[in-house]
Amino acid sequence: MALPQAKTDATEERLAGLSLPAAGGWGTAAREDALGRLRSMGLPQRRDEYWKYTRPDTLVQADPPAAALFEAKDESPVFGAHDRLKVVFVDGVFDAEASDDLAMAGLEVERLSDAMAADIHWARDVYGVLEARGQSPVARPFAAMNTAFATDGLCLRATGRAEKPVSLIYLHRDETSDATLHHVIKIEAGADLTVLENGPAAARFNKCMEVEVADGGAFHHVRTQGRDHERRAVTHIFARLGREASFKSFTLTANGVLTRNECVVEFCGDDAIAHVAGAAVGDGDFHHDDTVFVTHDAVNCESRQVFKKVLRNGATGVFQGKILVKDGAQKTDGYQISQALLLDDDSQFYAKPELEIYADDVACSHGSTTGAIDDEALFYLRSRGVERTDAQDLLVLAFLAEALEEIEDEGIAEDLTARLERWLKRRRR
Amino acid sequence: MLDIKNLHVALEEEDKQILKGVDLSVESGAVHAIMGPNGSGKSTLSYVLSGRDGYEVTEGSVTLEGADVLELEPEERAAAGLFLAFQYPVEIPGVGNMTFLRTALNAQKKARGEDEVSAADFLKLIRAKAKELQIDADMLKRPVNVGFSGGEKKRNEILQMAVLEPKMCILDETDSGLDVDAMKLVSNGVNALRDAGRAFLVITHYQRLLDHIRPDVVHIMADGRIVKSGGPELALEVEKNGYHDILAEVA
């Protein structure tokens, strides 16, 4: 179907200012294919169904709105207490000086540009491939744009149990930076890798991560986005899971004028699991969108989506989550919950939970709630001597707990909970 | 200890008078019971004393050891030594029972300018108190009242009372929903706390609870007032003849 002329025009106008980065090798074709995909779907506009609750304008326009730099002087670095392999990107550019030596047992690490220049490379079978699969049935134009124009990124291949997590640190140093990163991750059969991500990255950040988990492999992902208020981000995760594979991703978001996190998971082998979870806290001019699409195309797989948002002072939260169970994907166990706690009458939460099921022997459940602090619980706590503000914070953290429990590493879970607690405390009057 | 004078209370939302001049004095070391038919205002009295929203005091006063209670926020009342054992204890998913209790105890201590209790000392304290009430480790770890049976919830209220050591304990129909064994456990918990420096106000429908928690004074409440006061024998009279005779007598 031809695109509306206005959409084509807007897309071409945006592309006019861009040129494909020199890739060489297989990278050139991958980028050109992606550009073709992007042209055929067009960049999103306000009236697009999939962008009904999140305005794409500032993500589409040629130059990002400037974002003031922010340094959290009152907090220690996120994941700082963790033994990790640090990889630093400054405004979307790899910083070798600031990064650790990339050699680690059980893991191959390469920059995207190096991988693309290599004649034969495993990344070729993943780069843009999972993204392209994820374009149907719903188009994700910013992901195609990312594949076409990504200027940096890592290729990670886990061949065994990686000795420590890879920690991707995204620093923001330039108020008008526009960064596009693309990571390709392959977890070989039986291998195990944890990837941590934190930092604002840029004034505007388009990030794509493709994760292929082979049979019996395990991928763990914990990401924090915050506390920079003015940053904008559109991110995609595309995961393809083999037999008995495990994929677990958790995101904590605090602040941010615009964040859209999409996660697209496809079960291709039986008996695999995927857990995608997020906790987001927003105050004032905050817009956070979690868009998740899980496709069950194998037998006896388990998927969980747990998303919680705490919104105040006119903050906005969005959840679009879908479980698609294809014909034959019997014994599917699908669960999805999205909840928002609105701390005042000005904040809002839009939820679009969807189930589409073509198999007849499955257990799928979904739920979505929007509510305020429970007055009964608040009074109960106060009647025992807990001050109103403390009681409220306790109830907010209790609300977020179900999402935070999805983090496997207890140390990280505790650290992130403590950060949330401090975030709440800073907002007391 | 607790002095209630000519207390008039209306519901905030609808212009309805619930308490119409309650006078009550509970002295230190004493156990007072309030009985009365449904709708007489017993539970409203307990809520107003603890500071719940939705009630407007239109007249009268309440003091705890001479200090005005009605001016205080619920948490300030708790720190001052007032405790309400809820008729319907609230479930709080996501907040562990132990965390809740320790937070409450330390908040009260902080408000009173006392030192907070360390995690280790608290653990010792709660283990000892929980054992007396036959509350197992699992119940302490679970979220507050979530998945607790009726009896477990009431025992948990008494555990909170035992840990917080309030001066003035109000028990709002603590016997409702309890079987005989649970009632004994709860009563023993309450009796263990009886002390010259502490007072109790036990609100109940039935005389049965008062077999276990022996009151010094029994009050009969009807239509928002205390209509009769007497010794424990008054409770027996209610049990035998119902409220009808007493109410007819004072009418």
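The values are calculated or read from the model by the stated rules, or taken from the named source; none is laboratory data. Fair warning: this is a prediction, and the values are worked out from it, not measured in the lab. Using ideal geometry, Cβ is built from the backbone for each residue, glycine included, and neighbour counts are taken over all protein chains shown. Protein only, heavy atoms only, side chains kept; ligands, DNA and RNA dropped before computing areas. Shrake-Rupley method; radii C 1.70, N 1.55, O 1.52, S 1.80 Å.
Here are a few things to note about the model shown:
- In the context of the full set of protein chains, the protein assembly as shown has a per residue accessible area of 40 Å² (1.4 Å probe).
- Sulfur and carbon atoms: percent of accessible area, the protein assembly as shown [1.4 Å]: 46
- Rg/Rh for region A:223-313 stands at 1.06; both radii use Cα atoms, and Rh follows the Kirkwood definition.
- Scaled against 2.2 N^0.38 Å for its residue count N, the alpha carbon radius of gyration of the protein assembly as shown is 1.18.
- Whether region A:22-115 is rounded, prolate or oblate, judged on the alpha carbon gyration tensor where a/c under 1.5 counts as rounded: oblate
- Residue B:236 - accessible surface, heavy atoms, 1.4 Å probe, Å² rounded to 10: 100
- The A and B chains share an interface that buries close to 1900 Å² of accessible area, total over both sides, probe 1.4 Å.
- Estimated D of region A:172-276 in µm² per second, where Rh is the Kirkwood radius over Cα pairs and Stokes-Einstein applies at 4 °C, 1.567 mPa s: 91
- Net +/- balance of residues flanking residue B:84 in space, Cβ distance below 12 Å, scoring K and R +1, D and E -1: +1
- Dimensionless Rg over Rh [region A:258-306; C-alpha; Kirkwood]: 1.12
- Reach of residue B:110 by Cα under 30 Å, taken over lysines that are not fewer than 8 positions away in the same chain: A:73, A:425, B:124, B:129, B:131, B:141, B:153, B:154, B:167
- Stretch in chain B that is longest and holds no GluC sites (Glu not before Pro) that DSSP places in a loop and that have at most 15 other beta carbons within 10 Å: B:117-251
- P(r) of region A:114-251 over all Cα-Cα pairs, binned every 10 Å from zero, in whole percent: 12, 41, 37, 10, 0
- Note on region B:2-250: along the principal axes its Cα atoms extend 56, 39, 35 Å, ordered by decreasing extent.
- Against chain A, whose longest principal axis comes from its Cα atoms, helix A:388-404 is set at around 30 degrees.
- Residues in region A:372-397 occluded by at least 30 Å² - accessible area, probe radius 1.4 Å, against chain by itself: A:376, A:379, A:380, A:381, A:382, A:383, A:384, A:385, A:386, A:394
- If you take the alpha carbon atoms of region A:40-172 and fit the smallest convex hull around them, that volume is 174 Å³ per residue.
- Occluded residues from region B:72-93, i.e. those whose accessible area drops by 20 Å² or more once the chain is not alone (1.4 Å probe): B:74, B:75, B:78, B:86, B:90, B:92
- When the Gaussian network model of chain A links Cα atoms closer than 10 Å, the mean-square fluctuations of A:276, A:93, A:211 top out at A:93.
- Taking the Cα atoms of region A:134-213, the ratio Rg/Rh between the radius of gyration and the Kirkwood radius comes to 1.02.
- Partners for residue A:322 among lysines (Cα-Cα distance below 21 Å; same-chain residues under 8 apart left out): A:52, A:248, A:308, A:309, A:331, A:352
- Gyration tensor verdict on region A:5-373 (Cα atoms; rounded if a/c is under 1.5, prolate if a/b is larger than b/c, oblate otherwise): rounded
- Evaluated on region A:198-252, the Kirkwood hydrodynamic radius is 12.5 Å, with distances taken between all distinct Cα atoms.
- Here the Kirkwood formula, the inverse mean of 1/r across different C-alpha pairs, assigns region A:287-429 a hydrodynamic radius of 16.8 Å.
- When you filter the GluC sites (Glu not before Pro) in region A:135-190 for DSSP loop state and at most 10 other Cβ atoms inside 10 Å of their Cβ, nothing is left.
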